[in-house]
1. For Ala254, state whether it is in a helix (DSSP H, G or I) and farther than 26 Å from Gln190 by Cα.
2. Yes or no: Leu176 touching a His at 6+ places or on another chain (Cβ under 9 Å), surrounded by 13 or more Cβ atoms within 10 Å (Cβ to Cβ) and either at pLDDT below 95 or not assigned by TED's automatic domain parsing to the domain that holds Ala67 (or both)?
3. If only one of Leu42, Leu24, Leu33 is surrounded by 19 or more Cβ atoms within 10 Å (Cβ to Cβ) and within 25 Å of Gly110 (Cα to Cα), which one is it?
4. For segment 294-304, which residues satisfy the criterion of being touching a residue at least 60 places away in the same chain (Cβ under 8 Å) and under 19 Å from the mean Cα position of the chain (by Cα)?
5. Taking into account only those residues within segment 211-228 that are in contact with a helix residue (DSSP H, G or I) (Cβ under 7 Å, 6 or more places away or on another chain) and at pLDDT below 95, which is surrounded by the fewest Cβ atoms within 10 Å (Cβ to Cβ)?
6. Can you report the number of residues in segment 264-319 which are part of a helix (DSSP H, G or I), surrounded by fewer than 21 Cβ atoms within 10 Å (Cβ to Cβ) and of a type in the set (Phe, Trp, Tyr)?
7. Is one or more of the residues making up segment 148-159 acidic (Asp, Glu), surrounded by fewer than 20 Cβ atoms within 10 Å (Cβ to Cβ) and assigned by TED's automatic domain parsing to the domain that holds Leu16?
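The values are calculated or read from the model by the stated rules, or taken from the named source; none is laboratory data. The model shown is predicted, which means the values in this text are computed figures rather than measured ones. Please note: Cβ atoms are built from the backbone with ideal geometry, for glycine as well, and neighbour counts cover all protein chains shown.
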Amino acid sequence: MSLAAPYAGLDPDTVLNALDSVGLRGDGRLIALNSYENRVYLVYLEDAEPVVVKFYRPGRWSDAQIAEEHAFVAELADDDIPAVAPLVIDHQTLHPHAGFRFAVYPRRGGRAPELDQPGVLEWIGRFIARIHNVGARSAFRHREAADVSTLGREPRDALLAGRLIPAELETRWHGLANAAIEAAERAFAQAGAAPLSCIRLHGDCHPGNLLWTDTGPHFVDFDDARTGPAIQDLWMLLSGERHERAEQLGRLLAGYRQVRDFGRAELALIEPLRTLRLIHYSAWIARRWDDPAFPAAFPWFGTPRYWQDRIAELSEQLEAMAEPTLEPM
């Protein structure tokens, strides 16, 4: 298997045979679900409810890192938190087949949350606080941290090494990226005097990883679970103009604080974390560029226009990080 084309051998027969290897027999129907990093399928079974099977990208996470993800989600589910945990089959959740590693999940339906509806953000805030209460019980040993090195310096270096930034724009982008990373480092250092919470997190808690039902949210896709400050699981739910984000933050924290204390110092990390994510996102695409799925999905990546937009984005984020801390309304 080539890491440049990591899923070349993952055809429908391989998916069905993988499930057959753990005693789940598909009826031949499977639907590929939206996922670039991994490969995820809804598979209909002959004598049971459909399942979702996730094939992990080869070479990304170690078995130990995946095991920590699975154990964390199982711990949440055991605490009656609606996180979708992998099925335990033959005493394990991660299974090998034909050079791949996969996990099987129960299917959970839902729709995108309507964050502007009364009570929704408060409800989500309460559940995130419950996730964090569980996350604070113990620590990850193998998974990454949400810090400036992992989210900023390493992605910056990978982008420069990849030579995908047009030469005429590289110096400008590099200078702004350095300034943004230095500003984020200062923000983390200042906030850390509080000190910061350092707990197990969902890590990628944006609206797309929340499935809403009449009984509330389901949290899915803990693939980026990591250690970090609580605000990492909150800021991605904020959008719009500054006053709108302040109102949304107020509603989130109103729910959160019903369950768990929140350190106000972490509010100063919202814009630094947003900035680091922007750098990290470009590096994610660059690191996957040899995977044929990525040039097809992101054809504009590497064009001058793309990097001109990233330069403008970093300039705006430097201004945002210099503004007063966003306060909840």
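1. On the way: in a helix (DSSP H, G or I): yes; farther than 26 Å from Gln190 by Cα: no.
So Ala254 does not fit the description; no.
2. Values: touching a His at 6+ places or on another chain (Cβ under 9 Å): no; surrounded by 13 or more Cβ atoms within 10 Å (Cβ to Cβ): yes; either at pLDDT below 95 or not assigned by TED's automatic domain parsing to the domain that holds Ala67 (or both): yes.
Against the criterion (touching a His at 6+ places or on another chain (Cβ under 9 Å), surrounded by 13 or more Cβ atoms within 10 Å (Cβ to Cβ) and either at pLDDT below 95 or not assigned by TED's automatic domain parsing to the domain that holds Ala67 (or both)), Leu176 does not qualify.
3. Values: Leu42 fails: surrounded by 19 or more Cβ atoms within 10 Å (Cβ to Cβ); Leu33 fails: surrounded by 19 or more Cβ atoms within 10 Å (Cβ to Cβ).
Going through Leu42, Leu24, Leu33 in turn, the sole match is Leu24.
4. Those that are touching a residue at least 60 places away in the same chain (Cβ under 8 Å) and under 19 Å from the mean Cα position of the chain (by Cα): Phe294, Ala297.
5. It comes out as Gly216.
6. Total meeting the criteria: 4.
7. Within segment 148-159, the first condition is being acidic (Asp, Glu), and the residues that meet it are 154, 157.
Imposing the further condition that a residue be surrounded by fewer than 20 Cβ atoms within 10 Å (Cβ to Cβ) reduces the set to 154, 157.
Filter once more, keeping what is assigned by TED's automatic domain parsing to the domain that holds Leu16: none.
No, the conditions are met nowhere in segment 148-159.
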